[in-house]
1. Within the range 95-141, which residues are buried (at least 17 other Cβ atoms within 10 Å of the Cβ), over 14 Å from G164 (Cα atoms) and touching a helix residue (DSSP H, G or I) at 6+ places or on another chain (Cβ under 7 Å)?
2. Kindly indicate which of G186, G164 is touching a Ser or Thr at 6+ places or on another chain (Cβ under 9 Å) and part of a loop (DSSP other than H, G, I, E, B).
3. Can you run down the residue pairs with Cβ atoms below 9 Å, 6 or more apart or on separate chains, where the first is in the range 184-202 and within 21 Å of G129 (Cβ to Cβ) and the partner is of a type in the set (F, W, Y)?
4. (1) under 30 Å from E117 (Cα atoms); (2) out of contact with any helix residue (DSSP H, G or I) (no Cβ under 8 Å at 6 or more places or on another chain): which one isn't true of T10, the others all being true?
5. Scan the range 150-167 and report the pairs whose first residue is without any contact (Cβ under 8 Å) to a residue 24 or more places away in the chain and whose second residue is buried (at least 17 other Cβ atoms within 10 Å of the Cβ) and assigned to a strand (DSSP E or B), with Cβ atoms within less than 6 Å and a gap of 6+ or a chain change.
6. When you check A127 against the structure, is it under 21 Å from S2 (Cα atoms), touching a Phe, Trp or Tyr at 6+ places or on another chain (Cβ under 7 Å), of a type in the set (A, V, I, L, M, F, W, C) and assigned to a strand (DSSP E or B), yes or no?
7. Restricting to the range 43-69, name every residue that is over 30 Å from S2 (Cα atoms), of a type outside the set (D, E, K, R) and surrounded by fewer than 17 Cβ atoms within 10 Å (Cβ to Cβ).
Amino acid sequence: MSDCQLYLITPPEFDPAAFASVLKSTLDAGPVAALQIRLKDTPDEKLRAAVKALLPICHARDVAVILNDRPDLAAELNCDGVHIGQEDAPYAEARRLMGAERIVGVTCHDSRHLAMEAAERGADYVAFGAFFPTATKDAKTQSDIDIIAWWAELMTTPCVAIGGITVENCRPLIEAGADFLAISGGVWNYPQGPAVAVGRFTELLHLGK
């Protein structure tokens with residue numbers, strides 16, 4: 001069995017009340033380690049409403065809630081962690097706001113240097129990508145799967161693979177040693193529905209390395 005786990009990212013836009021029921025059935029379909037709430041260019045009150053709607057659903061299922069970009073709101077709303085990009089809050093500021101016990105994850109694109117720097121500072125995970133074409137965001141970099149294997153061999157800080165990951169293309173990332181697969185469209189846009197997608201990913205993760 002693989003040690004790799006699912007890390008879901010919300011759709012780029014959603015209505016919290018409508019999405020809540022979809023999220024419940026999706027999380028009930030198989031083990032999910034974390035849900036990142038990612039809403040770009042969204043007013044604070046809408047972000048607060050989204051977190052307040054989704055956090056109890058996740059916590060009832062032992063799923064960590066990670067807020068994208070905003071350590072201030074993540075701390076205020078009692079999220080389990082925050083994910084920061086290279087252009088977001090500095091790591092030191094995010095850690096100060098979140099404290100030692102909560103998660104701070106860092107986008108490192110395709111850079112070994114940025115990843116090692118983040119790990120040395122104490123990041124709880126580093127994220128590499130995009131590995132495949134993605135419609136969810138404008139990916140700044142294209143990563144090679146070799147970076148996952150290199151990281152898994154040398155480092156103990158967990159790594160997250162992100163970017164265009166689907167049921168059809170995820171096996172090489174699992175085999176390379178990714179600790180988490182971060183998935184958005186590959187679940188929410190799956191033709192048979194998100195719950196079926198989580199079931200399929202679960203099967204693949206249980207096949208082992």
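1. Matches in the range 95-141: L97, M98, V104, V106, C108, D110, A115, A118, A123, V126.
2. Values: G186 fails: part of a loop (DSSP other than H, G, I, E, B).
Just one listed residue meets the conditions, G164.
3. G186/F201; V187/F201; W188/F14; P194/W188; A197/W188; A197/Y190; V198/Y190; R200/Y190
4. Against the list (1) under 30 Å from E117 (Cα atoms); (2) out of contact with any helix residue (DSSP H, G or I) (no Cβ under 8 Å at 6 or more places or on another chain), T10 comes up short only on (2).
5. none
6. Working: under 21 Å from S2 (Cα atoms): yes; touching a Phe, Trp or Tyr at 6+ places or on another chain (Cβ under 7 Å): no; of a type in the set (A, V, I, L, M, F, W, C): yes; assigned to a strand (DSSP E or B): yes.
Answer is no for this residue.
7. P43, A49
Matching residues to (1) β-branched (V, I, T); (2) farther than 18 Å from D124 by Cα; (3) touching a Ser or Thr at 6+ places or on another chain (Cβ under 9 Å):
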site	(1), (2), (3)
D44	no, yes, no
L47	no, yes, no
A50	no, yes, yes
P56	no, yes, no
V63	yes, no, no
L67	no, no, no
R70	no, no, no
L77	no, yes, no
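None of the figures in this text is laboratory data; all of them are computed from the coordinates on show. This structure is a prediction, so every number in the text was calculated from the model and none was measured. Every residue, glycine as well, gets a Cβ built from its backbone with ideal geometry; the counts of neighbours run over all protein chains shown.
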